[in-house]
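First the structure, in the form of structure tokens, and then the observations on it.
The values are calculated or read from the model by the stated rules, or taken from the named source; none is laboratory data. Here the structure is a predicted model, which is why all the values come from computation and not from measurement. Here the Cβ is made from the backbone with ideal geometry for all residues, glycine too, and neighbour counts use every protein chain on show.
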Amino acid sequence: MNVAEAPPADASGRGAAFTGPTGGEELTVVEPLIFERSRPGRRAVRFPRSSDAARERSAGQPELPSTVLRAAAPRLPEVSELELLRHFNRLAHLNQAIDLNFYPLGSCTMKYNPKVNEWAAALPALAESHPLDPEAVSQGSLELMWLLSELLKEISGFPAISLQPAAGAHGELTGMLMTRAYHRANGEGEQRRKVLVPDSAHGTNPATATMVGYETVTIRSNERGGIDLEALRAALGPDVAALMITNPSTLGIFEDQIDQVVEAVKAAGAIAYMDGANLNAILGRFRPGESGFDVMHFNLHKTFSTPHGGGGPGAGPVGVSERLEPFLPAPMPVLAAGIADEVRANARAGRSTPDARFAMDWDRPHSIGKVRSYFGNFGMFVRAYTYIRSNGDDGLRTISEDAVLAANYLRVRLHDVYDLPYDRLSKHEVVFSGRRQKREHGVTTLDIAKAILDHGIHPPTIYFPLIVEEALMVEPTETESLETLDVFINVMRDIAEQAVTEPEALKRAPTTTPVGRLDEAAAARRPDLRYRFGDVTDAPAADTRERRRAAATRNAPRT
Amino acid sequence: MTYSPHTDPDRERMLEAIGAATVDDLFADIPTSVRASDWDLPAPLTEQEVRTELARLAGRNRMPEVSFLGAGVYRHLIPAVVGEVIGRPEFATAYTPYQPEVSQGTLQSIYEFQSLICELTGMEVATASHYDGATATAEAALMACRLTRRSIIAVSAGVNPDYRRVLGTYCSGPGIEVVTVPIDLAEDGSGTTDLARAAEALGPDVACLVAAQPNFYGQVEPMAELADAAHAAGALLVAVVEPTSLAILQAPGDYGADLVAAEGQPLGVPMSFGGPYVGLMAAPMASVRQMPGRLVGATRDAAGRRGYVLTLQAREQHIRREKAASNICTNQALMALAATAYLSAVGPTGLREVAELSMTQARHLAAALEDAGLAERRFGGAYFAEVTMRLPDAARRHAALVEQGIVAGHLPERDDPALRDTVLLAATELTTDDDIARLVDALEAIR
């Protein structure tokens, strides 16, 4: 059966029999690939022809040498607009999303993404502005960036902000590069080579330390789930560049000795880095900048509600202390003329300040340089600014109160059926363990997660943090109603019950999703990472000559 | 306003279940010495009020009526259907597809994206995306260091200055040296990477040569020769490409590029004052285990249904921690989806039309300015859809035109003083004959 016979996706979402292009194997396809929908000559979009005058006029300009021309057109799909739209709409139907149901993915803060934010980001004067447009015509965009920086300073207690990093991990990289620059400026660049990271940390923390050329030293947690102060003190010394600590931690616990932690780090001459991924729990309650931290990244896509987009875009601004400020990435949006207090007050009242002028400041001699092209993920800044202004002071406080309330509510309603290795006050999330279900009934956390799928709910984060056996990391956020939380509690209790009565059924889950459990081992063993047109092999060519020869064959004119 | 659904009775019920008297009790674990002092933030706004504020800020931007700005970011038609696809909340409000059974939409679209990028670049494997072209370039160069076990990166001065800045920042941490290979800046010179200087720079410790096609100044580089020079020194060629140009220009895999990085913004992503964009990266299959970032692979379930999963995750930070190929976690999935929908919407014919129209209008623009005696090409040799032109008194006249609603391209002198009194002018399929006539007239008026 060839591609031309690919069936339409069936509405049930379970697919129809169809021999895939990978060579004779019977595969059921839920939705064919866009390439399998392609028919020569179909198209969705047409472009105008250039004018005769334009073609005549340009004739005297230098021609492209034949050696740089492409031999054959790239085999992009050829589809009508309706076919295109249906394809992607059908794919959309295969996704779980916040806008459909509860999505308590721990550590990711899957809160509601308000639609007015999208309206704002799509305003043509913002969405269609070019990053290199002269400052004279970009005053609104620059003012927005400046105002957002001012708000983030006030929220975090840091005296300076860079909006440039494109994601949380990118903010970490920025923070650690500044750490390195700071120690180098003090003549301690060679001496301080270690970064301390608690064993509960996100994997990005140690990976970031490596990218900056640092050695990671893991600090164990104590029996209460906090960082072990004695172990920390023992590890601190003149060879330590920084401590990277997530607070509240990935266990959903506030480090209740954070004052002593920061003090010890600073006494050792190291930089105190706070991973701000879990800021959603502490708005208005704890300001890292005024508590002695030197640097923190924000995740605008978590705390400040910008959509996660199926895995990005995010935005990871960093806030820094005075001693790191000189090293912030360039350029920075600045108020080049006008009075800051006046501009802030006017913006609060929805007024512009006529004589204010905003600019990009490139003159930062100690800056680590740029970490991203242009100024960062501006579209995310628009959304975050809209969100912060909508919520205001009271709203931001309410966010954290209600997020923490919801997490603690889940904790007390579920801790009798799931083990809770660290049974303490929760912040934004609560981490259960499925070890009892595994030990007593052979039901793993993976089985539990897959069973949750059959209830239309996205499972919590699983098997993280690594220090919790069979971890189930639940972050409800503040935007889920009590009814939704109660439904989730009932689902989790039912599954715990089922683990006792019919564990085999849980092993078969999920049964209501578009596909069942997928063979991930096979995917890694024989990587199939792209569509094959039938004439491309995966055998890596030995050298360039061979690759060019293969390419020439591939690009031979086709009929 | 807040988006919390909780009523006071709801809160009471939760507090009661928890056994707490007040919500403050839930924050008792914050040491008193570090509790937040009062902050000074604005009061909440209603939707109506916040719209007014955002409309105020947008209104402070003055949208140019005519613009020839490119320099790495291009104004192309974004078909309405692309906006419709990425606006779907099932895509926009999902996260990283950690649970493949309920993320097949995202996963399959990324697999399609990877396939499209492989096809465009002539490479064997492409990642699920990076933050932008600059970080993709930096990550590709660092990957070249891992692959060759060498620690110097040579970069052509024809690569976007912003990309070179980011590359420098990324390399500063691990102490990787970056050497710049000049381009031929002679008046009427080629404006392309100096081959002799490239060969000189490619010493035994150099991991790769990074070069752009077309280069920042619009000039078409001899990429096959640059690849040969790199390979002769045991180094790799990292090609930085503009994706719409690949409808016309040779695919990097065909001229011997070892790694490819690109900014995907021209493929259906709004300019949005610099982001979010989407970085593209492609490589040969043999080097896949050194690639940074996410990869999606096809597999099947027990019932024989085709499905897609995140794969080869042993390269990534959440498994490998300090031994990961990169710290990248989030990518730019929604922007990658925009590129996937865009490439599917325009198809091979449409992409070629975009490239040809852009190129024709750039040539039309250059010819019109030359014919009027207003400007002349700074470099000899072929260019793609962007052209560097000598324009006497460029900075002053550029500023004067801005006041008339015309942005006469980019002034490269900030990055390279040798290019004083030049402008870098871009055209796309949206550049009209009238736009060009308006630029010519306006420049004539302020000779």
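Key figures
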quantity	calculated
Answer residue from region A:209-219, given it is touching a helix residue (DSSP H, G or I) at 6+ places or on another chain (Cβ under 6 Å) and modelled with pLDDT of 95 or more and is farthest from the other protein chains (Cβ to nearest Cβ) among those	A:Ile219
Residue check for B:Ser109: out of contact with any Lys or Arg (no Cβ under 7 Å at 6 or more places or on another chain), at pLDDT 95 or above, more than 25 Å from B:Leu246 (Cβ to Cβ) and not hydrophobic (A, V, I, L, M, F, W, C)	no
Verdict on A:Gly203 being buried (at least 21 other Cβ atoms within 10 Å of the Cβ), of a type in the set (Gly, Ala, Ser) and at pLDDT below 95	yes
Contacts under 7 angstrom Cβ, first residue in region B:343-360 being more than 7 Å from chain A (Cβ to nearest Cβ), partner among the acidic types (Asp, Glu), 6 or more apart	B:Ser358/B:Glu429
Count of region A:77-105 residues which are assigned to a loop (DSSP other than H, G, I, E, B), buried (at least 24 other Cβ atoms within 10 Å of the Cβ) and in contact with a Pro (Cβ under 7 Å, 6 or more places away or on another chain)	3
Qualifying positions in region A:377-393 - within 7 Å of chain B (Cβ to nearest Cβ) and either basic (Lys, Arg) or touching a Gly at 6+ places or on another chain (Cβ under 9 Å) (or both)	A:Asn377, A:Phe378, A:Gly379, A:Met380, A:Arg389, A:Asp393
Test: residue in region B:82-89 that is in a helix (DSSP H, G or I), in contact with a Pro (Cβ under 6 Å, 6 or more places away or on another chain) and either at pLDDT 95 or above or more than 7 Å from chain A (Cβ to nearest Cβ) (or both)	no
Scope region A:419-459; condition away from chain B (no Cβ under 12 Å) and assigned to a strand (DSSP E or B); matching residues	A:Asp419, A:Val431, A:Phe432, A:Ser433
Residue identified as outside the structural domain of B:Thr180 (by TED's automatic domain parsing) and over 29 Å from the mean Cα position of the chain (by Cα) among B:Arg396, B:Arg420	B:Arg396
Residue tally, condition farther than 21 Å from A:Arg411 by Cβ, assigned to a strand (DSSP E or B) and either out of contact with any Leu (no Cβ under 8 Å at 6 or more places or on another chain) or away from chain B (no Cβ under 12 Å) (or both), over region A:237-258	5
Condition check for B:Arg396: buried (at least 21 other Cβ atoms within 10 Å of the Cβ) and either in contact (Cβ under 8 Å) with a residue 24 or more places away in the chain or outside any loop (DSSP other than H, G, I, E, B) (or both)	no
Selection count, region A:42-60, where residues are farther than 25 Å from A:Glu83 by Cβ, touching a Ser or Thr at 6+ places or on another chain (Cβ under 8 Å) and charged (D, E, K, R)	1
Restricting region B:113-130 to residues that are touching a Pro at 6+ places or on another chain (Cβ under 9 Å) and within 21 Å of A:Asn377 (Cα to Cα), the residue that is surrounded by the most Cβ atoms within 10 Å (Cβ to Cβ)	B:His130
Among the residues listed as A:Ile161, A:Ile155, the single one being in contact with a Lys or Arg (Cβ under 6 Å, 6 or more places away or on another chain) and under 26 Å from B:Ala36 (Cα atoms)	A:Ile161
Of residues in region B:280-309 being closer than 22 Å to B:Gly105 by Cβ and among the small types (Gly, Ala, Ser), the one farthest from the other protein chains (Cβ to nearest Cβ)	B:Gly293
Condition met for B:Ala247 (touching a Cys at 6+ places or on another chain (Cβ under 7 Å), at pLDDT 95 or above and small (Gly, Ala, Ser))	no
Any hit, region B:166-173, residues being in contact with a Phe, Trp or Tyr (Cβ under 9 Å, 6 or more places away or on another chain) and more than 26 Å from B:Ser245 (Cα to Cα)	yes
Members of region A:199-236 that are free of Cβ contacts under 8 Å to residues at least 40 places away in the same chain and in a loop (DSSP other than H, G, I, E, B)	A:Gly203, A:Val212, A:Gly213, A:Tyr214, A:Arg220, A:Asn222, A:Glu223, A:Gly226, A:Asp228
Filter result (loosely packed, with under 11 Cβ neighbours inside 10 Å and either of a type outside the set (Ser, Thr, Tyr) or under 45 Å from the mean Cα position of the chain (by Cα) (or both)) within region B:17-32	B:Gly19, B:Ala21, B:Asp24
Leading residue by the ranking (farthest from the other protein chains (Cβ to nearest Cβ)) among those in region A:499-516 that are buried (at least 20 other Cβ atoms within 10 Å of the Cβ) and out of contact with any Asp or Glu (no Cβ under 6 Å at 6 or more places or on another chain)	A:Ala499
Scan of region A:301-351 for residues that are out of contact with any helix residue (DSSP H, G or I) (no Cβ under 6 Å at 6 or more places or on another chain), polar (S, T, N, Q) and in a loop (DSSP other than H, G, I, E, B), ordered by number	A:Ser321
Helices (runs of 4 or more DSSP H) fully within region B:131-235 counting 3 or more residues that are within 14 Å of chain A (Cβ to nearest Cβ) and surrounded by fewer than 20 Cβ atoms within 10 Å (Cβ to Cβ)	B:161-172, B:223-232
Qualifying residues in region B:14-66 (those that are touching a residue at least 40 places away in the same chain (Cβ under 8 Å) and among the acidic types (Asp, Glu)) - the one nearest to A:Glu135 (Cα to Cα)	B:Glu65
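Residue-wise test of (1) assigned to a helix (DSSP H, G or I); (2) under 30 Å from B:Gly268 (Cβ atoms); (3) within 7 Å of chain A (Cβ to nearest Cβ).
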residue	(1), (2), (3)
B:Pro42	no, no, yes
B:Arg56	yes, yes, yes
B:Leu69	no, yes, yes
B:Ile78	no, yes, no
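Here is a yes/no grid of residues against (1) under 22 Å from A:Ala160 (Cα atoms); (2) facing chain B (nearest Cβ under 10 Å):
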site	(1), (2)
A:Pro329	yes, yes
A:Ala356	yes, yes
A:Asp361	yes, no
A:Ile368	yes, yes
A:Arg372	yes, yes
A:Leu396	yes, yes
A:Val417	no, no
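Conditions tested, residue by residue: (1) buried (at least 24 other Cβ atoms within 10 Å of the Cβ); (2) not in a helix (DSSP H, G or I).
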| position | (1), (2) |
| --- | --- |
| B:Ala298 | yes, yes |
| B:Tyr308 | yes, yes |
| B:Ala325 | no, yes |
| B:Leu334 | yes, no |
| B:Ala341 | yes, no |
| B:Val346 | yes, no |
| B:Thr349 | no, no |
| B:Gln361 | yes, no |
| B:Ala367 | no, no |
